[in-house]
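Only the coordinates and a few stated rules stand behind these numbers; no lab work does. Note that this is a predicted model, so its numbers are computed, not measured. When we count neighbours, we look across all protein chains shown, and the Cβ atoms used for this are built from the backbone with ideal geometry, even at glycine.
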Amino acid sequence: MQSLVDDWVARPGRWFPIMGVTLALGLAWIWVSAVPAEATTGGQIPSPREGFLAPDFTLELLGGGEVTLSELRGKGVVINLWASWCPPCRAEMPAIQQVYEKAKGRGLAVLAVNTTFQDSERDAAAFIQELGLTFLVPLDRDGTVSRQYQLRALPSTFFVDREGVIRKVIIGGPMSEATIQTAVEEILEQDG
Amino acid sequence: MLPVLQVGPLAIQLPGLLLLAGVWLASSVIEKQAPRLKLSSAILSNMIFLGLVVGLVSARIGYALRYLNVYLENPLSLLALNPTTLAPAEGALSGMLAALIYARRKGLPLWGTLDALAPGLAVFSLALGFSHLASGDAFGAPADLPWAIELWGARRHPSQVYEVLLAGVVLGVILEARLRAPFPGFLFLGWMVLAAASRLSLEAFRGDSVIVLGAVRLAQLLSLGLLLAGLLGLHLRARQTVRHPG
């Protein structure tokens, strides 16, 4: 049996009919599985993406209480995922604070979601205190929100408009104050 | 996310970890092929190591070139241990090129070396499937089936499970065929044919396909091309063996 198989595959001529059948079956299969371009995401993860609703979540806050994203509808929201051991995350925090102070009167909220599942709550608290940051710091203890937002790199920042739609995604950092400011202007455009 | 992935704090790192395990398993499987194919296992393992290192470094440099401004501001980020800031295609290409050059200079036979790689590639494909399962990448098209899974806000084909199952079958076939290859190059070309056929069939159930020509899934066209190239390669190798036996 074994030598039969070996003989068979070793015969050069055998491969031509196989190629013919493969080509026919392959093209037929491609034809059967053809779909209009709108039916797939063209290589992208469906959400979170610019132009899509920001996935909703409820998280406990550093220092007590909790926050639900959808309850902030009507405000522009900056969602920044960070960890205390991540240098670019630390580097951009003062800039976020500055923009927050300037724009909170116009309806800007900042959720600096700490990726607590890969950080220590104590280090996070110490860092927030050290820099005197005044925005909300939700704690992603089990990684749910990081998964929802397809966290690929720290920091990752999502700018969500008053309707709850993601307007801009910035992966990596640190972002300059100008970058943050322009993105914030974009999400605050309509007056709430 | 997939219900099977409620593994607590490891959830995020799992895909990368699985890939790493895949690379490690694959290279140890490849080194095991050396004696049977009469290759020096030291040279083979150096080749793999060189390919991996060059691949990794180029993947990071490739990524940095895309975001040059960011990396000029923070050159130290080049050393970051972050697997997401890598450019896979650039890395794979340079890694393979480096391995190829090394193999030529060390006088490794082309087809024998590729045959040694085949079981490793099959192992890595399996690991890649598990990594997709963990990350939710390579996800399926929306479907209303008893075995559909909830992912990215819809019930979908569990395309990653299909991928793992088929990669397992391919690995089984390659391991079985390993000992009875009729001519050098058979195993590698055989793997290429099976891997391309898997992708060609599974792509039909994917929800993230890139579409060209209005309705055709790009990955299927490329797979069919590779599949036919593999079969043609098998024909040519078989013909050469008949003409120059031994």
- Item | In degrees, nearest ten, helix A:87-103 long axis to first principal axis of chain A (Cα) | 50
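To the nearest whole number, what is the average tally of beta carbon atoms from other chains within 10 Å of the beta carbons of peptide B:223-229?
Values: counts 2, 7, 1, 0, 4, 6, 1.
The mean count of partner-chain Cβ atoms within 10 Å per residue comes to 3.
Relative contact order (percent) for chain B, with alpha-carbon contacts under 8 angstrom and 6 or more residues of separation?
On the way: 312 pairs, mean separation 48.7, N = 246.
Across chain B, relative contact order equals 20 percent.
When each pair of different Cα atoms in the protein assembly as shown is counted once in the 1/r mean, what is the Kirkwood radius in angstroms, to one decimal?
Working: mean 1/r = 0.0407 Å⁻¹.
After inverting the mean inverse Cα-Cα distance, the result is 24.5 Å.
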- With a Förster radius of 35 Å, plug the Cβ-Cβ distance of residue A:85 and residue A:37 into 1/(1 + (r/R0)^6) and report the FRET value to the nearest 0.05. 0.25
- Order by protection proxy (mean Cβ within 10 Å, highest first), peptides A:103-112, B:172-181: A:103-112, B:172-181
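In peptide B:26-37, how many Cβ atoms from other protein chains are near each Cβ within 10 Å, on average? Please list the in-between numbers first.
Values: counts 0, 0, 0, 0, 0, 0, 0, 0, 0, 0, 0, 0.
So the per-residue partner count for this stretch is 0.
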- Task: Report the one residue of B:198, B:50, B:145 whose Cα lies farthest in the direction of the positive end of the charge dipole of chain B (charges on C-beta: Lys and Arg +1, Asp and Glu -1; origin at the Cα centre).
- Result: B:50
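Using just the helices of the protein assembly as shown, give the 222 nm mean residue ellipticity in deg cm²/dmol: DSSP H runs with n ≥ 4 each add -39,500 (n - 2.57), and the total is spread over all residues, rounded to 500. Present the calculation step by step, with values, prior to reporting the outcome.
Working: 14 runs with 230 residues, N = 438.
About -17500 deg cm²/dmol.
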- Under the span-like rule (Cα at least 30 Å along the axis, Kyte-Doolittle mean at least -1.0), DSSP H helices of chain B: B:41-66, B:110-135, B:218-243
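Other chains near A:31-38: what is the mean number of their Cβ atoms within 10 Å of each residue's Cβ? Intermediate results must be reported in sequence, preceding the final value.
Values: counts 3, 1, 13, 8, 9, 3, 8, 1.
Average neighbour count from other chains, rounded to a whole number: 6.
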- Note on the structure: Within the under-13-Å Cβ sphere about residue B:135, not counting residue B:135, Lys/Arg +1 and Asp/Glu -1 give a net charge of -1
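Kindly put A:58, B:241 in sequence by how many other C-beta atoms sit within 10 Å of each C-beta, fewest to most. Mind showing how you got there, number by number?
Working: A:58 13, B:241 17.
So the residues, fewest neighbours to most, are A:58, B:241.
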- Along the charge dipole of region A:23-149, Cβ charges K/R +1 and D/E -1, which of A:74, A:139, A:113 sits furthest on the positive end? A:74
- Rounded to the nearest 20 debye, dipole of region B:130-239 from Cβ charges on Lys, Arg, Asp, Glu: 460
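Using r as the Cβ-Cβ distance of residue A:153 and residue B:145, and R0 as 30 Å, what FRET efficiency do you calculate, to the nearest 0.05?
Numbers: r = 34 Å, r/R0 = 1.14.
The value I calculate is 0.30.
Looking only at chymotrypsin sites (Phe, Trp or Tyr not before Pro) in DSSP loops with at most 15 other Cβ atoms within 10 Å, what is the longest site-free stretch of chain A?
Working: sites that count: A:52, A:85.
My reading of the result: A:86-192 is the longest stretch.
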- For helix A:177-188, report the angle its Cα long axis makes with the longest principal axis of the Cα atoms of chain A; keep it between 0 and 90° and round to the nearest 10°. 90
- Message: With +1 assigned to the C-beta of every Lys and Arg and -1 to the C-beta of every Asp and Glu, and no other charges, what is the dipole magnitude of chain A about the Cα centre in debye, to the nearest 20?
- Response: 420
- Note on the structure: Each label sits 7 Å from Cα toward the beta-carbon; between residue B:101 and residue A:28 the label points are separated, in nm, by 4.7
- Note on the structure: The longest stretch of chain A containing none of the GluC sites (Glu not before Pro) that sit in a DSSP loop with at most 15 other Cβ atoms within 10 Å is A:51-162
- Tilt relative to chain A, helix A:15-32 - C-alpha long axis, 0 to 90 degrees, to 10: 40
